[in-house]
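> Can you read through this structure? Questions will come right after.
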Amino acid sequence: METANWTEIEAAKKAALEVLLHNAHGPFHGLPRTAGWGYPEPYTRDLMFSILGIAVSGNQELLKSIRRVLETLAENQSEHGHIPSLVHDQEDRGASDTTPLFLLGVGIFRKITDEPDFLQEAVSKALTWMAYQCPSDRYLVAQQPTSDWRDEQWVIGYGLFVNTLAYSCLRLLGQNERADAVRHEMRRFTITGGAMHHHVHEGFVVKHKPYYAFWSYKIYSSERFDLLGNSLAILSGIASPSRAGEMVSWIEEECADMRKRGELAVGLPPNFFPFIKPEDPDWHARYAIYNNPGDYHNGGIWPFICGFYVAALVAAKRYALAREKLLALTQIIKLSNTGTVAFGFNEWLKAQDGKPMGQDWQTWSAALYLYAAKCVEEKRTPFFDEIRAGN
């Protein structure tokens, strides 16, 4: 990569660290903010994702802050093991992804600090909670609509994203037998024949496609593409190396076609496509307010997810493409709503024109940029390398 490009990346890394340090102390019990100005609350999922960037930064102030977040989550864990959606509020419950994210976060933190028993009681309770989230009493984790990070989009039954999280945290915590069972079930085909047969269980594999289904439950499924879930499938090794390579090629081809059709204005993939349109059967009336095609969860460009995609490219050994996409990510994190900062680290951008639409100085946007840059620089994916090695 040219020296000028690395200089630009180094400037962006410095800015990302500035964002994280600014957000490390907020108005709620001194816990971190989710964004520099717009979101003062300590949202669990955002902060758990941020552990990846904090871990590779090695910054002691940030590590101390995230330790407090994990300890506070353990204190506010429900009787049955569920982790709340707000770090400081044990009554704010109902999320499907906060508990596996907590387990993943603890697993990563244990590796950083060499504390193998850190929060063991809370981890045991959370693992028990996860074991009871399967309606068929097997291994895949089910969820209610709008209960994961997509709080304005329906995911029904077994969602790809939550199950890739479940698999990753199990592997990281040494729960290998259970992790193997999750991966085995995820690698089953979705059921498309209109009828379920005895002892036939749904999975996420889509016939004639290299990626995994958005969600699957009994005879129903969605074959729309989820960038975060599929990036995690590559990073965790749920996708084999050959499937990962085919998936990356498919993503890039689809994005090139979207750019030709005027549906995509930047060199990075939307979080979700094809977009759901008002005439589609999976459209909901509320989408007209928050989730129009190319917006928010319905195809917006999310820098934190693009960070995961860059990392997935490294995991797939597509190093040149990973560098290219990191440079594209470096350009979009400069954009801001306020126009008063050199690096906006905005929440999300509209797919069709690349305009920043969310909050500036978003914690997970900054953190996942740091993680993506580290992956590209070192041609490895910290923590996920170990997860893949356990396959």
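The values are calculated or read from the model by the stated rules, or taken from the named source; none is laboratory data. Since this is a predicted model, take the numbers as computed values, not measurements. In this analysis, Cβ positions are derived from the backbone assuming ideal geometry, glycine residues included, and neighbour counts consider all displayed protein chains.
> Which one is modelled with the lowest pLDDT, of the residues in the stretch 307-361 that are under 26 Å from Pro293 (Cα atoms) and among the polar types (S, T, N, Q)?
Across the stretch 307-361, the extreme among qualifying residues is Thr338.
> Touching a strand residue (DSSP E or B) at 6+ places or on another chain (Cβ under 9 Å) and in contact (Cβ under 8 Å) with a residue 60 or more places away in the chain - does that describe any residue in the stretch 112-135?
So far as the stretch 112-135 goes, no, none of its residues is touching a strand residue (DSSP E or B) at 6+ places or on another chain (Cβ under 9 Å) and in contact (Cβ under 8 Å) with a residue 60 or more places away in the chain.
> In the stretch 111-123, is there at least one residue being buried (at least 24 other Cβ atoms within 10 Å of the Cβ) and over 20 Å from Gly307 (Cβ atoms)?
Within the stretch 111-123, none of the residues are buried (at least 24 other Cβ atoms within 10 Å of the Cβ) and over 20 Å from Gly307 (Cβ atoms).
> Among (1) among the polar types (S, T, N, Q); (2) closer than 24 Å to Arg380 by Cβ; (3) in contact (Cβ under 8 Å) with a residue 12 or more places away in the chain, which single condition is Ser221 missing?
So Ser221 meets the others, but not (2).
> Filter the stretch 137-150 for residues that are of a type outside the set (Ser, Thr, Tyr), assigned to a loop (DSSP other than H, G, I, E, B) and touching a residue at least 24 places away in the same chain (Cβ under 8 Å) and give the result.
If the condition is that a residue be of a type outside the set (Ser, Thr, Tyr), assigned to a loop (DSSP other than H, G, I, E, B) and touching a residue at least 24 places away in the same chain (Cβ under 8 Å), then Arg138, Leu140, Val141, Gln144, Asp148, Trp149, Arg150 are the ones that fit.
> What number of residues in the stretch 71-102 are in contact with a helix residue (DSSP H, G or I) (Cβ under 6 Å, 6 or more places away or on another chain) and under 24 Å from Tyr39 (Cα atoms)?
Counting residues in the stretch 71-102 that are in contact with a helix residue (DSSP H, G or I) (Cβ under 6 Å, 6 or more places away or on another chain) and under 24 Å from Tyr39 (Cα atoms) gives 14.
This table checks each residue for (1) aromatic (Phe, Trp, Tyr); (2) in contact with a His (Cβ under 7 Å, 6 or more places away or on another chain); (3) without any contact (Cβ under 8 Å) to a residue 12 or more places away in the chain.
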position: Thr7; (1), (2), (3): no, no, yes
position: Lys13; (1), (2), (3): no, no, no
position: Leu21; (1), (2), (3): no, no, no
position: Gly26; (1), (2), (3): no, no, no
position: His29; (1), (2), (3): no, yes, no
position: Pro42; (1), (2), (3): no, yes, no
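> Somewhere in the stretch 294-304, is a residue over 16 Å from Gly229 (Cβ atoms), among the aromatic types (Phe, Trp, Tyr) and surrounded by fewer than 21 Cβ atoms within 10 Å (Cβ to Cβ)?
Looking for residues that are over 16 Å from Gly229 (Cβ atoms), among the aromatic types (Phe, Trp, Tyr) and surrounded by fewer than 21 Cβ atoms within 10 Å (Cβ to Cβ), one finds none in the stretch 294-304, hence no.
> In the set Asp385, Asp360, which member is acidic (Asp, Glu) and surrounded by 20 or more Cβ atoms within 10 Å (Cβ to Cβ)?
Asp360
> Among the residues of the stretch 1-45, what is the count of those that are modelled with pLDDT of 95 or more, not hydroxyl-bearing (Ser, Thr, Tyr) and not in a helix (DSSP H, G or I)?
15
> Residue check, Lys209 against (1) part of a loop (DSSP other than H, G, I, E, B); (2) under 24 Å from Gln143 (Cβ atoms); (3) in contact (Cβ under 8 Å) with a residue 40 or more places away in the chain; (4) in contact with a strand residue (DSSP E or B) (Cβ under 8 Å, 6 or more places away or on another chain), all met but one. Which one?
Lys209 satisfies every listed condition except (4).
> Within the stretch 77-95, can one find any residue that is surrounded by 21 or more Cβ atoms within 10 Å (Cβ to Cβ), within 22 Å of Val155 (Cβ to Cβ) and acidic (Asp, Glu)?
no
> Tell me, please, whether a residue that is part of a helix (DSSP H, G or I), under 17 Å from the mean Cα position of the chain (by Cα) and buried (at least 17 other Cβ atoms within 10 Å of the Cβ) can be found in the stretch 342-354.
No, the conditions are met nowhere in the stretch 342-354.
> Just a yes or no: is a residue in the stretch 152-169 surrounded by fewer than 20 Cβ atoms within 10 Å (Cβ to Cβ), among the charged types (D, E, K, R), touching a residue at least 24 places away in the same chain (Cβ under 8 Å) and under 30 Å from Glu253 (Cα atoms)?
The answer is yes, given that some residue of the stretch 152-169 is surrounded by fewer than 20 Cβ atoms within 10 Å (Cβ to Cβ), among the charged types (D, E, K, R), touching a residue at least 24 places away in the same chain (Cβ under 8 Å) and under 30 Å from Glu253 (Cα atoms).
> It is to be established whether one or more residues within the stretch 341-355 are over 27 Å from Thr164 (Cα atoms) and among the β-branched types (Val, Ile, Thr).
Checked the stretch 341-355: at least one residue is over 27 Å from Thr164 (Cα atoms) and among the β-branched types (Val, Ile, Thr).
> I would also like to ask the following. Residue by residue through the stretch 27-69, note down the ones that are crowded, with 18+ Cβ neighbours inside 10 Å and small (Gly, Ala, Ser).
Listed by number, the residues that qualify are Ala35, Gly36, Ser50, Gly53, Ala55, Ser57, Ser65.
> Also, quick follow-up: Mind listing whichever residues of the stretch 240-293 are under 15 Å from Pro210 (Cα atoms) and not in a helix (DSSP H, G or I)?
Selection gives Ser240, Phe273.
> Pick out the one residue from Trp250, Trp215 that is within 16 Å of Val310 (Cα to Cα), of a type in the set (Phe, Trp, Tyr) and at pLDDT 95 or above.
Trp250
> Now, a different point. If you scan the stretch 1-54, which residues turn out to be under 16 Å from Ala373 (Cβ atoms) and of a type in the set (Ser, Thr, Tyr)?
Selection gives Thr3, Thr7, Ser50.
> Kindly provide the set of residues from the stretch 124-151 that are over 11 Å from Ser96 (Cα atoms) and either of a type outside the set (A, V, I, L, M, F, W, C) or buried (at least 21 other Cβ atoms within 10 Å of the Cβ) (or both), ordered by number.
Answer for the stretch 124-151, where residues must be over 11 Å from Ser96 (Cα atoms) and either of a type outside the set (A, V, I, L, M, F, W, C) or buried (at least 21 other Cβ atoms within 10 Å of the Cβ) (or both): Ser124, Lys125, Ala126, Thr128, Tyr132, Pro135, Ser136, Asp137, Arg138, Tyr139, Leu140.
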